[in-house]
Amino acid sequence: MKASEVQEQLDERKQKILYAIIRNYLETGEPVGSRTISKYTDLNLSSATIRNEMSDLEEMGLIIQPHTSAGRIPTDKAYRLYVDSLMEEKDREIEDLKGVLKATEAKMDKVLKNVASVIADRTNYATVVSAPRIAGNRLKFIQLSKVDEHQVLAVIVLEGNLIRNQMIEIAEPIDEETMLKLNILLNTHLNGLAMEEINLGMISALKQQAGVHGSIVGNVIDAVAAAINGEEDLEIYTSGTNNILRYPELADKEKAGELIQTFEEKEALAKLATETLTGEENTGIQVIIGNESPIDSMKDCSVVTATYELGEGMRGSIAIVGPKRMDYEKVVGTLRTMMNELERIYRKDGR
């Protein structure tokens, strides 16, 4: 009987009992009896009822009794159903995450544009807001999927539900059984770890366990490192650039042109945002005055920056650019209000 046909014959109760047997056997290595299952599941069934269901599972070739009076242990067919179920669950989780992220990114884009506009209007200065980035990523899980005989797709999910895809070239075709084993091997040992916790000894051990497919393990870990440490383009939102021309000391044609160009090109602004987000000491409000600025076109300005926190390691930055004689008290108060508002919006969305 094919695995798909067996799955169709399993009602919810049989499936819960079977999976309870498998999980219990994986934990203890001992045959599992009906009394254990009655305590292990939330079905509230009697031992007699569970024994009847176990007899059905035995007839289906999913569990066996190693010797008389012993409990049952799962068969290879049962393991296959269990592993396939786990992988399907991960597939659904990835698709759900992609949907949530797409909706969240669209809303976040709108929210951050509005934040930049509101701050510029309230302060009469120029405003720079960076989209949130993940800091200190840990790996949530890895999904390897066969694309063709020479390519495997690695879907890497990091904390904060950040998803990265990496195509991996393979020298020889891999069957589905081997792909499942590699998925289990990688997720068992790597889930929940930061990159600095994945040392050479661990990598060597994983490659050894993967045998002839050790090179794939190496490529996946390289992909994880790239996902965690890789620099992606930082989304920058600006508003109020023309406010700069309100102030005579910044309205000089040449100086104003350079400053406006900085806001239009955004590369220097992305660098400023990245520096603001780097280091634990930069989690509060910072004031950069004149020559302290890393951006040449802002040497006649003051820049007040702040970092907003959205949980799960997600951080972004806000910067207000104006003359050195800016109203610092008003700017700091506005920044604090907007930081709190961003966090409130984030919590309200259930993230």
> Would a scan of the stretch 198-206 turn up a residue that is assigned to a loop (DSSP other than H, G, I, E, B) and out of contact with any Leu (no Cβ under 7 Å at 6 or more places or on another chain)?
Replying inline: yes
> With (1) crowded, with 18+ Cβ neighbours inside 10 Å; (2) of a type outside the set (A, V, I, L, M); (3) in a helix (DSSP H, G or I); (4) without any contact (Cβ under 8 Å) to a residue 40 or more places away in the chain as the list, and Thr337 as the residue in question, which single condition is left unmet?
Replying inline: (1)
> With Lys181, Lys107, Lys113 as the choices, which residue is surrounded by 14 or more Cβ atoms within 10 Å (Cβ to Cβ), within 30 Å of Leu335 (Cβ to Cβ) and out of contact with any Leu (no Cβ under 8 Å at 6 or more places or on another chain)?
Replying inline: Lys113
>> Considering only residues that are without any contact (Cβ under 8 Å) to a residue 40 or more places away in the chain, part of a helix (DSSP H, G or I) and more than 18 Å from Ser215 (Cβ to Cβ), which ones fall in the stretch 162-197?
In response: Glu176, Glu177, Thr188, Glu196, Glu197
> So is Asn165 within 15 Å of Ala226 (Cα to Cα), modelled with pLDDT under 80, loosely packed, with under 15 Cβ neighbours inside 10 Å and not hydrophobic (A, V, I, L, M, F, W, C) or not?
Replying inline: yes
> Do we find a residue being out of contact with any strand residue (DSSP E or B) (no Cβ under 9 Å at 6 or more places or on another chain), modelled with pLDDT under 85 and surrounded by 11 or more Cβ atoms within 10 Å (Cβ to Cβ) anywhere in the stretch 50-68?
Replying inline: no
> Quick one: which of Val220, Val212 is at pLDDT below 85, aliphatic (A, V, I, L, M) and surrounded by fewer than 18 Cβ atoms within 10 Å (Cβ to Cβ)?
Replying inline: Val212
>> Of all residues being surrounded by fewer than 16 Cβ atoms within 10 Å (Cβ to Cβ) and in a helix (DSSP H, G or I) in the stretch 16-39, which is modelled with the highest pLDDT? Just the residue, please.
In response: Arg35
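The values are calculated or read from the model by the stated rules, or taken from the named source; none is laboratory data. Predicted, not measured: the structure shown is a model, and the values here were computed from it. FYI the Cβ positions are ideal-geometry reconstructions off the backbone, even for glycines, and counts take in every protein chain you see.
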